[in-house]
Amino acid sequence: QKEVEQDPGPLSVPEGAIVSLNCTYSNSAFQYFMWYRQYSRKGPELLMYTYSSGNKEDGRFTAQVDKSSKYISLFIRDSQPSDSATYLCAMRAPGPGQFYFGTGTSLTVIP
Amino acid sequence: GAGVSQSPSNKVTEKGKDVELRCDPISGHTALYWYRQSLGQGLEFLIYFQGNSAPDKSGLPSDRFSAERTGGSVSTLTIQRTQQEDSAVYLCASSATGQVNQPQHFGDGTRLSIL
């Protein structure tokens, strides 16, 4: 079983729609959760960073963590064509070492 | 610039040749990570440097892969006797301390193509 599972999509929505992106994980030791946006031929860019369960909001983006279900989500409100990208979830346990990434969900927002 | 810098941005080489990929992390960041991203795949962890500690090499796929970090700053990933399956984007990231609450910042990667 992979440490992190993410639906690869692709996901296509009309402009203005609410987008929901999700990841599940198996390691209960994960404490920190991140969402990255990656445009074509670019490196991942950090969007949201959360610790513990609950919601965190930043503009049109909301990150949600449910540790009891081992499930995280990223919601994008009023989606824009510029949001078209691949979205990667990532998470990490305490101690030194690696982050674990999902495979990414490809999103296209149609004008 | 202030971000993570990687060079070259693209590299095409023949099978069997050695390649060196360079990463210049954000100034002051003590943790440095190398990942490999293949088409349609997620990020595959390769190696992690934290300060002066011994690197975590647990993700290196074979002994053809090695990396070093000189002076706690610039890092070089070396692939010897390249194979076609080595074709991928190699991403470098750095974080401020390597502590669990410090996220990573990525460069734009080196796109490696093995002919």
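The numbers here are math on the coordinates, done by the rules we state, and not lab data. Fair warning: this is a prediction, and the values are worked out from it, not measured in the lab. Glycine also receives a Cβ, built like all others from the backbone with ideal geometry; neighbour counts cover every protein chain displayed.
Among the residues making up the stretch A:78-111, a single one is touching a Gly at 6+ places or on another chain (Cβ under 7 Å) and charged (D, E, K, R): A:Asp78. With respect to (1) farther than 28 Å from A:Thr105 by Cβ; (2) among the aliphatic types (A, V, I, L, M); (3) facing chain A (nearest Cβ under 9 Å), the lone exception for B:Val19 is condition (3). Considering only residues in the stretch A:1-57 that are of a type in the set (Val, Ile, Thr) and without any contact (Cβ under 8 Å) to a residue 60 or more places away in the chain, the one that is farthest from the other protein chains (Cβ to nearest Cβ) turns out to be A:Thr24. Look at the stretch A:59-71: where a residue is under 15 Å from A:Arg37 (Cα atoms) and a partner is outside any strand (DSSP E or B) and charged (D, E, K, R), sitting 6+ places away or on another chain with Cβ atoms under 7 Å, you get A:Arg60/A:Arg77; A:Arg60/A:Asp78. Assessment of the stretch B:53-71 against the conditions (in contact with a Ser or Thr (Cβ under 7 Å, 6 or more places away or on another chain) and touching a residue at least 40 places away in the same chain (Cβ under 8 Å)) yields no matching residue.
For the stretch A:1-53, filtering for residues that are among the charged types (D, E, K, R) and either under 30 Å from B:Pro8 (Cα atoms) or in contact with an Asp or Glu (Cβ under 6 Å, 6 or more places away or on another chain) (or both) leaves 4. Count of the stretch B:43-52 residues, restricted to those that are in contact (Cβ under 8 Å) with a residue 40 or more places away in the chain and either among the β-branched types (Val, Ile, Thr) or touching a Ser or Thr at 6+ places or on another chain (Cβ under 6 Å) (or both), is 1. Do we find that B:Gly71 is surrounded by fewer than 20 Cβ atoms within 10 Å (Cβ to Cβ), within 14 Å of the chain's Cα centre (by Cα) and either in a helix (DSSP H, G or I) or within 14 Å of chain A (Cβ to nearest Cβ) (or both) in this structure? Criteria not met by B:Gly71.
Where strands (runs of 3 or more DSSP E) sit wholly within the stretch A:24-111, those with at least 3 residues that are aromatic (Phe, Trp, Tyr) occupy A:32-38. Residues of the stretch A:43-64 that are farther than 14 Å from A:Asp83 by Cα, exposed (fewer than 15 other Cβ atoms within 10 Å of the Cβ) and of a type outside the set (Phe, Trp, Tyr): A:Ser52, A:Ser53, A:Gly54, A:Asn55, A:Glu57, A:Asp58. Against the condition surrounded by 14 or more Cβ atoms within 10 Å (Cβ to Cβ), in contact with a strand residue (DSSP E or B) (Cβ under 9 Å, 6 or more places away or on another chain) and of a type in the set (A, V, I, L, M, F, W, C), how does B:Leu91 come out, does it pass? For B:Leu91, the condition - surrounded by 14 or more Cβ atoms within 10 Å (Cβ to Cβ), in contact with a strand residue (DSSP E or B) (Cβ under 9 Å, 6 or more places away or on another chain) and of a type in the set (A, V, I, L, M, F, W, C) - is met. Looking at B:Ser58, B:Ser62, just one residue is within 15 Å of B:Trp34 (Cβ to Cβ) and within 14 Å of chain A (Cβ to nearest Cβ), and that residue is B:Ser58. Checked against (1) under 14 Å from the mean Cα position of the chain (by Cα); (2) under 22 Å from B:Gly3 (Cβ atoms); (3) away from chain A (no Cβ under 13 Å); (4) in contact (Cβ under 8 Å) with a residue 40 or more places away in the chain, B:Gln104 passes all but a single condition, namely (3). Which ones in the stretch B:37-87 are in contact with a strand residue (DSSP E or B) (Cβ under 7 Å, 6 or more places away or on another chain) and of a type in the set (Val, Ile, Thr)? Hits for the stretch B:37-87 are B:Ile47, B:Val74, B:Thr76, B:Thr78, B:Ile79, B:Thr82.
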